[in-house]
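K.L.:
Have a look at the structure that comes next, please.
The values are calculated or read from the model by the stated rules, or taken from the named source; none is laboratory data. On a predicted model such as this, the values are computed, not experimentally measured, just so you know. Please note: Cβ atoms are built from the backbone with ideal geometry, for glycine as well, and neighbour counts cover all protein chains shown. We work out accessible area using only protein heavy atoms, side chains counted, and drop any ligands, DNA or RNA first. Shrake-Rupley method; radii C 1.70, N 1.55, O 1.52, S 1.80 Å.
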Amino acid sequence: MSEPLLDVNSLRVAFNGNEVVHGIDFRIATGEKFALVGESGSGKTVTALSLLRLAHDAEVSGVVSLFGLKPSSDNRNLLSISERALCGIRGKEIAMIFQEPMTALNPLYSVGEQIAEVLELHEGLSRRAAHAAAVQLLADTGIPEPARRAGAFPHQLSGGQRQRAMIAMALACKPKLLLADEPTTALDVTVRGQILDLLSSLQRQFRMAVLMITHDLNLVHRFADRVAVMEAGHIVEHGPVADVFAHPRHAYTRKLIDSRPTRDPAQVPPDVGAPPVMRAEGLRVSYHVPLPGLRGWLKKGEFVAVSGADFSVPAGQTLGVVGESGSGKSTLALAALGLLPYQGRLQVSGQTWSRDATRNKTLRRTVQVVFQDPFSSLSPRMTVEEIVGEGLRVHAPELSAAERRLRVATALADVGMSTEQFPGLPQRYPHEFSGGQRQRLAIARALIIGPQLLVLDEPTSALDVTIQKQVLQLLQRLQREHALSYLLITHDVDVIRAMAHRVIVMKDGAIVESGPVEQVFAAPQHAYTRILVAAVAGRE
């Protein structure tokens, strides 16, 4: 091992006296790529935040030594130096990429201004020079039209673009150590590869060390030199990546490695003659955008998000929609749900969406949705019983309170949640459950009114690998038992392979390839599909 950059000894983190990280030790060398892997609640993110004393209300003890600082008197314990000294280290010597860029970026400032601010504070650049450097950093992270995107606010960028802007901000001062907390969770496979290649290139160029916090074992295998596996606040296994993956010694490590999405052998084969629950022909979705200069005063421009899409979702089957951020797949899903105006033909069980919300009530019972982030899609002020039973109040108002409670209990049991497992379950709130359990609640809420079609918008991307596998197995079982159809929106090719009967590949708002899953991925015809397949093969 080369000279140490960061040395962590006996790190303990507690909240209100409850210890969540139990005296862990690890060392990161200059220029090393080190991964800390584990499920939600294992303590990996709290560990990273505690290194810079960013964990709110945490009681932190131990020794965290950062070497190579000037003056040398500051080389010792980051946990005990002054807040002023630590402010000089944050962002300059140690930078962090946070998992959720939408909450990490300031909504009141453009992304260019936020990146430039780091350069002005730590590098002393002028405002003009800092802006130019910010545009270049955005270009380096692969954002198209970086000069225009620098003037955009966070909500005007896609999830992948926001994450790349966050990475550009973290890399602005070329830090010695980069703390990357799930830096590719929101990105599709092709962009994941680009970001990993970018981080690897900068790491080699500047001898920058990287501490990668992730639950994505494929990412660890491709990127890191060494890995430490965390479970319940303890490091249970560590070593070179190749050794740990080839010969895992701890049962928890073996469990993580075995959690890749797999196809259910009992999955119903596709029925070629099955009637479609949803059919679209020439589906087109566009937005008005301002034109530059004087033209913008006279008329609006047009941005076409989905162009001429044709697809169908047969009864009891899954249609997968895969593509990178900005490809139009989420816009297609919103149009399918009747939440966006569209042109062309779109039918659900032979009916079309109306602009009159009351006329859509029957279709709302036919089509339900499960969103990507269960925490933000469930009201924090409503109990489980109120959340899951809300649809019954709208679509089955004739039911009594006792009948509603019985239907709620049945729906919860259907997704594997009962009062035996969770005492007082109906009266509990979303924050009392894990991410996977919240997603089960979201699925129960969608199922309770007996829909024919579920639109699944990245239903597992925010979940750990083991929880992801459980949720996918649950969805496969529910599809068999209830003859459900799924419109599955995702950027994860592995999830498509495990779940879908047919797949459509989207790029720049257009469907570039479609067909049976095995056929499309075994012998892709379009260049973009080949890139997707190659990106997945490259991380295995």
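K.L.:
Does segment 503-538 hold any residues that are touching a residue at least 24 places away in the same chain (Cβ under 8 Å) and closer than 19 Å to THR331 by Cα, and which are they?
P.N.:
The answer is VAL503, ILE504, VAL505, MET506, LYS507, ASP508, GLY509, ALA510, ILE511, SER514.
K.L.:
Hey, another quick one. Does any residue of segment 340-352 turn out to be outside any helix (DSSP H, G or I), under 24 Å from PHE311 (Cα atoms), touching a strand residue (DSSP E or B) at 6+ places or on another chain (Cβ under 8 Å) and small (Gly, Ala, Ser)?
P.N.:
Here is the first cut: in segment 340-352, the residues outside any helix (DSSP H, G or I) are 340-352.
Still in the running and under 24 Å from PHE311 (Cα atoms): 340-352.
Okay, now just the ones that are also touching a strand residue (DSSP E or B) at 6+ places or on another chain (Cβ under 8 Å), so 340-349, 352.
Then keep just the ones that are small (Gly, Ala, Ser); that gives 344, 349.
Yes, some residue in segment 340-352 is outside any helix (DSSP H, G or I), under 24 Å from PHE311 (Cα atoms), touching a strand residue (DSSP E or B) at 6+ places or on another chain (Cβ under 8 Å) and small (Gly, Ala, Ser).
K.L.:
Here's a follow-up. Can you find even one residue in segment 362-381 that is open to solvent by 50 Å² or more (accessible area, probe 1.4 Å), modelled with pLDDT of 90 or more, part of a loop (DSSP other than H, G, I, E, B) and of a type outside the set (Asp, Glu)?
P.N.:
yes
K.L.:
Regarding segment 403-411, can at least one residue be identified that is among the β-branched types (Val, Ile, Thr), part of a loop (DSSP other than H, G, I, E, B) and either open to solvent by less than 20 Å² (accessible area, probe 1.4 Å) or over 30 Å from ALA498 (Cβ atoms) (or both)?
P.N.:
No, because not a single residue in segment 403-411 is among the β-branched types (Val, Ile, Thr), part of a loop (DSSP other than H, G, I, E, B) and either open to solvent by less than 20 Å² (accessible area, probe 1.4 Å) or over 30 Å from ALA498 (Cβ atoms) (or both).
K.L.:
Right, here's the next one. Filter segment 1-34 for residues that are farther than 15 Å from GLY233 by Cα, of a type in the set (A, V, I, L, M, F, W, C) and surrounded by 15 or more Cβ atoms within 10 Å (Cβ to Cβ) and give the result.
P.N.:
Listed by number, the residues that qualify are LEU5, LEU6, ILE28, ALA29, PHE34.
K.L.:
Taking segment 220-247, which residues are surrounded by 20 or more Cβ atoms within 10 Å (Cβ to Cβ) and modelled with pLDDT under 90?
P.N.:
VAL220, PHE223
K.L.:
Of everything in segment 289-307 that's more than 28 Å from the chain's Cα centre (by Cα) and in contact (Cβ under 8 Å) with a residue 12 or more places away in the chain, which residue is least open to solvent (accessible area, probe 1.4 Å)?
P.N.:
This residue is GLY301.
K.L.:
Residues to consider are LEU199, LEU217, LEU211; find the one that is under 23 Å from LEU137 (Cβ atoms) and either surrounded by fewer than 17 Cβ atoms within 10 Å (Cβ to Cβ) or modelled with pLDDT under 90 (or both).
P.N.:
Sole residue among the options that is under 23 Å from LEU137 (Cβ atoms) and either surrounded by fewer than 17 Cβ atoms within 10 Å (Cβ to Cβ) or modelled with pLDDT under 90 (or both): LEU199.
K.L.:
Output the qualifying pairs, or none if there are none: Cβ atoms under 8 angstrom, residues six or more apart or on different chains, first residue in segment 411-428 and in contact (Cβ under 8 Å) with a residue 24 or more places away in the chain, second residue among the hydrophobic types (A, V, I, L, M, F, W, C) and in a loop (DSSP other than H, G, I, E, B).
P.N.:
ALA411/ILE448; LEU425/MET417; ARG428/PHE422
K.L.:
Return the total of residues in segment 89-128 being open to solvent by 40 Å² or more (accessible area, probe 1.4 Å) and of a type outside the set (D, E, K, R).
P.N.:
Pass one, segment 89-128, residues open to solvent by 40 Å² or more (accessible area, probe 1.4 Å): 90, 92, 98-100, 102-104, 106-109, 113, 117, 120-128.
Still in the running and of a type outside the set (D, E, K, R): 98-99, 102-104, 106-109, 121-122, 124-126.
Of the residues in segment 89-128, 14 are open to solvent by 40 Å² or more (accessible area, probe 1.4 Å) and of a type outside the set (D, E, K, R).
K.L.:
Can you tell me which residue in segment 314-367 is farthest from VAL512 (Cα to Cα), limited to those that are under 29 Å from the mean Cα position of the chain (by Cα) and basic (Lys, Arg)?
P.N.:
ARG365
K.L.:
Here is a further query. Considering only helices (runs of 4 or more DSSP H) fully contained in segment 63-145, which possess at least 2 residues that are over 30 Å from HIS215 (Cα atoms) and not hydroxyl-bearing (Ser, Thr, Tyr)? Explain how you work it out, then say what you get.
P.N.:
Working: elements: 83-89, 101-104, 111-123, 127-140.
Result: 83-89, 111-123, 127-140.
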